[in-house]
Amino acid sequence: MTLLFLEPSTRTSSSFAAAMQRLGGAVNHFTPATSSTVKGESLEDTVRCLQSYSDVLVVRHPEAGAAARVAATVDLANTESSQMLQPLDMLHRVDSDKQGDCASSQRALPHGQCVVMNAGDGAGEHPTQALVDVFTMLCEITDRKQPRLLPLWRFERLSGFTVTLLGDMKFGRTTHSLAQALGTVAGANSKDGDKEPALTVVYVAPSELAMPTDIITAAAAAATAGADAKANTKTKTNAKCDAVAASSPNGVTVSGLCQRIADISALTSAPKKGVPCLLAQTDVLYVTRVQKERFPSEDAWQQYQQSVSTTAASSSASAVAASQAAASSSSGYCITPELLKQGEAKPTLRVLHPLPRVDEVPPALEATEPLRAAYMRQMRWGLYLRMALIAEALGATDEIEALYARAMGQAE
Ligand code: ASP
Ligand code: CP
């Protein structure tokens, strides 16, 4: 596996590396500063080089769409390689088999072929993080409707849940991928004639950082595709209408997915007497930091900071805790233990965060509410998820399961 990271990372790069090593593979850490990119080599040429030595290429890049460019380059190289290089790759294969090479990929993947994984492309997407996030939700669910009885991988574990996404939805690529992944989950859980949505997703962002309408549209489309896959049908979604309707008080439901846009103040203040506030309705609170590095200029960032402090100062008395927390945070929102108490959060509520954090989730939260603070365990779930993902992508799942069964047998 080669880690082609052209942007900083702690979790994604380290968990991919650890996952590959645990599966018996090797890892090449590409270092931009000492590579030929400093001589002006293009992304495409760099990729053509690295794919020659890799079964898996994991790419992180500051531009949205870069991962698709990498995948297109690797597709071309794979085709060429299968036509031109097969005899040599066969020799390599025999050689590695003789040595008992434990990189299962050498045997499972067609010779000389490489797969690409997007580890985050600018403000675009972060799809493996979304898989980690959904897996974390499945693993963390403890006691609602006895989901313990359902196997971990069954999406029904999340049936009827409300997932609230809080933070920078404009630039936050993890929220873009997660919204679509949750769409797929909702679609897979939807049943004809259901009165309640299979899943409700609420987007809460500072007004400058609202969820882009094309992502809301894509999430609705994912729900429809998920429902179609289950029922073996094909439906056409009126995508434009979905995005606009999400702003209405009840949001809009398409194929089991209800999407709704809410203000930060709605976290703790109820719309009407007798109606629980958003925090009280929420099962999973997914918090993200403001992506400062994506603001077009320092001026734009300063303007955002100014508007955050003005909004916090003028918030209504009913949202006093929210505004106090916001006033002390550079993000404009902050999930303190006091805020969860004021919002009467469910005892089962889990707080997730892709991390890194700035000040939107303070250390006091995990200190006082370790069970709720699932973001600390989310990193570990990410290791297992990425192990499964690599094994699946390399077609090595059966082989790894057999190795595991053998190891378990020896341990008994
Ligand atoms: N680490 C995540 C990302 O790379 C989230 C973040 O940086 O805020 O997208
Ligand atoms: N969650 C995540 O992508 O973290 P890093 O940016 O540290 O890789």
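The values are calculated or read from the model by the stated rules, or taken from the named source; none is laboratory data. None of the values given here were measured: they were computed from a predicted structure. No Cβ is skipped: glycine too gets one built from the backbone with ideal geometry, and neighbour counts run over all protein chains shown. Protein only, heavy atoms only, side chains kept; ligands, DNA and RNA dropped before computing areas. Shrake-Rupley method; radii C 1.70, N 1.55, O 1.52, S 1.80 Å.
Numerical summary
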read-out	value
Which numbered condition residue 165 misses (of (1) within 27 Å of residue 389 (Cβ to Cβ); (2) away from ligand 1 (no atom under 16 Å from the Cβ))	(2)
Odd one out for residue 381 among (1) more than 21 Å from residue 277 (Cβ to Cβ); (2) open to solvent by 60 Å² or more (accessible area, probe 1.4 Å); (3) more than 16 Å from ligand 1 (Cβ to nearest atom)	(3)
Residue within the stretch 1-15 that is assigned to a helix (DSSP H, G or I), more than 27 Å from residue 215 (Cβ to Cβ), open to solvent by 10 Å² or more (accessible area, probe 1.4 Å) and not basic (Lys, Arg) present	yes
Checklist (1) of a type outside the set (Val, Ile, Thr); (2) buried (at least 16 other Cβ atoms within 10 Å of the Cβ); (3) within 16 Å of ligand 1 (Cβ to nearest atom); (4) not in a helix (DSSP H, G or I) applied to residue 345, failing item	(3)
Filtered residues of the stretch 16-36 (kept if more than 13 Å from ligand 2 (Cβ to nearest atom) and surrounded by fewer than 17 Cβ atoms within 10 Å (Cβ to Cβ))	21, 22, 24, 26, 28, 29, 31, 32, 33, 34, 35, 36
Selection count where residues are outside any loop (DSSP other than H, G, I, E, B) and at pLDDT below 70, scope the stretch 144-161	2
Set 229, 222, 210: member being touching a residue at least 40 places away in the same chain (Cβ under 8 Å), under 21 Å from residue 335 (Cβ atoms) and away from ligand 2 (no atom under 16 Å from the Cβ)	210
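Per-residue answers, yes or no, for (1) basic (Lys, Arg); (2) within 16 Å of ligand 1 (Cβ to nearest atom); (3) within 24 Å of the chain's Cα centre (by Cα):
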{"site": "10", "(1), (2), (3)": "no, yes, yes"}
{"site": "16", "(1), (2), (3)": "no, yes, yes"}
{"site": "20", "(1), (2), (3)": "no, no, yes"}
{"site": "33", "(1), (2), (3)": "no, no, no"}
{"site": "50", "(1), (2), (3)": "no, no, no"}
{"site": "55", "(1), (2), (3)": "no, no, yes"}
{"site": "64", "(1), (2), (3)": "no, yes, yes"}
{"site": "68", "(1), (2), (3)": "no, no, yes"}
